[in-house]
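Presented below is the structure to which this report refers.
What follows draws every value from the coordinates through simple rules; no lab data is involved. All figures in this text were calculated on a predicted structure; none of them were measured in a lab. Ideal geometry is used to build each Cβ from the backbone, glycine not excepted, and the neighbour counts take in all protein chains shown.
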Amino acid sequence: MSKVRTRFAPSPTGRMHVGNLRSALYEFLIAKHAGGEFMLRIEDTDQERFVEGAVDIIYRTMEKTGLIHDEGPDKDGGVGPYIQSERMKTGIYMKYAKELIEKGEAYYCFCDKERLSTLKSEVVEGKEITVYDKHCLHLSKEEIEANLAAGKPFVIRQNIPDEGTTTFHDELYGDITVDNAELDDMILIKSDGYPTYNFANVVDDHTMNITHVVRGNEYLSSSPKYQRLYDAFGWESPVYIHLPLITDENHKKLSKRSGHSSFEDLIEQGFLTEAIVNYIALLGWSPEDNREIFTLDELIRDFDYRRISKSPAVFDYVKLKWMNGEYIKAMDFDAFYEMALPYIREVITKDLDLKKIAAMVKTRIEVFTDIKEHIDFFETLPEYDVEMYTHKKMKTNKQTSLEVLTEILPVLEAQEDYSNDALYAVLCKYVEEKGVKNGYVMWPIRTAVSGKQMTPGGATEIMELLGKEESLARIRKGITLLSK
Ligand code: GLU
């Protein structure tokens, strides 16, 4: 068996869609699992869809996610160039297109726009394409030569017979047979001299010795045409693995509208790279046991492409958040602090102990953008409803709370040491003297100093952070509210 070689072949058209990242990840895993090679090829032959900066996004994402390629535009492995527009300049696509013409598997087409507009069209892969009537297949050798000599613009089309069938094999979908009459004479070389994506893809996968191709199943319908090209050249086709569609919660194709369809979207929403990669690995693949948390190395070890499922994979944002929370909990504190700091600084301008705040939220957040809602009360006491002082389980109400706050105020005014431990000891002493439950005292104090139902820490932890002056001001404010 030849060495496993896979490739990620993105078109630089914008952000890295979750589906593309999944293809890249599976390609990477298949290669690494088998001790093979993973290659990056840039498919930029569709100049109309090209987006400035998109190539940088590809490099950045691959590096960040750890999907390090062994070969690519920046790492020559001897089968380059690795960018299709550069490959084109070597004449490779034209050479192979001409070989097909000689074999009768392709032909020059000189039809102009006007004539094409009179032909039938149909929608394929979301695009409207003309069903070509093979008019130019019947041109004589002399006519063709005269047209070429006169510099008449042309395309080169694949010649697919009207009769018979073509069978193509996919690892997940098995053998797929289609009637040739259903296949259009697709363009291989465009009038600007560029190959079409479909043609360049076949030529490149073969000439770059690719053994396994992983891609979205939107390409499944073009695959019989690929098969015909492989057969015409007498090449062995790579193993094809077409992945199930990724849908949103409403079972619609995951699109930009969801707001989380790209890797960059997810990073901006506060997700960790490792969690995103882990989650994406499970979009269509599952291990033998039902394990869910995997490092990239563990994925390499366990990934078996035969376990990819054919059913659509639902992108479950809630589950991704849960997974991200698990990664945050497991993070080393210093690394967490470094990442959390910008989010904390967005909210806190006061001179507070930010490390302590970070430690408080680390186990409570699922994404970094959650930090804000957990800590904003440190900066300013929110307007709150006095009904919050009433808590059935703690046996508190407005009356008991007013009593507790009024009694504790002078104690806290006299207290010098505002460390968590010292404050806790003071409050426990009061609880004991009063002969009540802990919560009877802690609840109203925590409510007064935070103005929130839920906080990342207890009353005394919050007071330690706020300091004496601010803590007392908030307690006095509570007394005023409760006395109304
Ligand atoms: N350039 C194609 C894309 O970005 C790649 C499809 C394939 O991997 O064959 O969708």
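Results, tabulated for the structure shown:
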item: Unsatisfied cross-links (Cα-Cα over 25 Å) in the set LYS321/LYS355; LYS3/LYS190; LYS75/LYS98; LYS362/LYS452; result: LYS3/LYS190; LYS75/LYS98
item: From the C-alpha gyration tensor of segment 197-257, square roots of 5λ in Å; result: 28, 11, 10
item: Residue-span extension gain [GLU143 to TRP322] - 0.36 nm each, minus C-alpha spacing; result: 57.8 nm
item: Relative contact order, percent, segment 129-209 [alpha-carbon distance under 8 Å, six or more residues apart]; result: 27 percent
item: Peptides 226-232, 240-246 ordered by average Cβ neighbours within 10 Å, highest first; result: 240-246, 226-232
item: Candidate lysines - alpha carbon under 20 Å from LYS429, same-chain residues fewer than 8 apart omitted; result: LYS395, LYS437, LYS468
item: Value of [θ]222 nm, deg cm²/dmol, for the chain, DSSP H segments ≥ 4, -39500 (n - 2.57) each, nearest 500; result: -13500 deg cm²/dmol
item: Cα-based shape type of segment 336-393, given that a ≥ b ≥ c are square roots of the gyration tensor eigenvalues and the cut on a/c is 1.5; result: prolate
item: Rounded FRET efficiency, nearest 0.05, which uses the C-beta distance separating SER483 from ASP351 and R0 of 30 Å; result: 0.45
item: At R0 = 60 Å, FRET efficiency that the Cβ-Cβ distance of SER221 and ALA473 yields, to 0.05; result: 0.30
item: Cys with no candidate disulfide partner in the chain (beta-carbon separation under 4.7 Å rule); result: CYS111, CYS428
item: Over segment 204-341 - Rg/Rh using Cα atoms and the Kirkwood inverse-distance radius; result: 1.05
item: Charge dipole magnitude, Cβ of K and R +1, D and E -1 - the chain, Cα centre, debye nearest 20; result: 1160 debye
item: Mean projected area (nm²) of the alpha-carbon convex hull when the chain is viewed from all directions; result: 30.6 nm²
item: Distance between segment 94-159 and segment 216-237 - C-alpha centres, whole angstrom; result: 20 Å
item: 0 to 90° range, to nearest 10: angle between helix 398-414 axis and the chain longest Cα axis; result: 80 degrees
item: Ranked LEU116, LEU423, criterion: other C-beta atoms within 10 Å, fewest first; result: LEU116, LEU423
item: For peptides 342-348, 28-34, sequence by mean Cβ density within 10 Å, most packed first; result: 28-34, 342-348
item: Backbone N within segment 359-385 under 17 Å of label point (7 Å from PHE333 Cα along the Cβ vector); result: 359-365
item: Cα-Cα P(r), segment 74-193, percent of pairs per 5 Å interval; result: 2, 9, 15, 19, 18, 16, 12, 6, 3, 1
item: Simple spin-label estimate for THR90 and LEU119 in nanometres, 7 Å along Cα-Cβ; result: 3.1 nm
item: Relative contact order (%) - segment 341-478, alpha-carbon pairs under 8 angstrom, separation at least six; result: 30 percent
item: Computed FRET value (nearest 0.05) for LYS134 with ASP297, which takes r as the C-beta separation and R₀ as 60 Å; result: 0.65
item: Separation between Cα centres of segment 1-77 and segment 445-462, rounded to whole Å; result: 49 Å
item: Rg(Cα)/(2.2 N^0.38 Å) for segment 1-140, N = residue count; result: 1.31
item: Rh by Kirkwood over Cα pairs, then Stokes-Einstein D for segment 266-357 at 0.890 mPa s and 25 °C, µm²/s; result: 161 µm²/s
item: Kirkwood Rh and Cα Rg combined as Rg over Rh, evaluated for segment 340-484; result: 0.96
item: Dipole magnitude of segment 314-411 about its Cα centre (Cβ charges: Lys, Arg +1; Asp, Glu -1), debye to nearest 20; result: 360 debye
item: Cα-based convex hull volume of segment 303-414 per residue, rounded to whole Å³; result: 207 Å³
item: Reachable aspartates and glutamates, given that their alpha-carbon falls under 20 Å from the alpha-carbon of LYS253 and they are not under 8 places away in the same chain; result: GLU125, GLU128, GLU218, GLU264, ASP265, ASP316
item: Distant alpha-carbon pairs in segment 146-262 (separation over 23 angstrom), percent; result: 43 percent
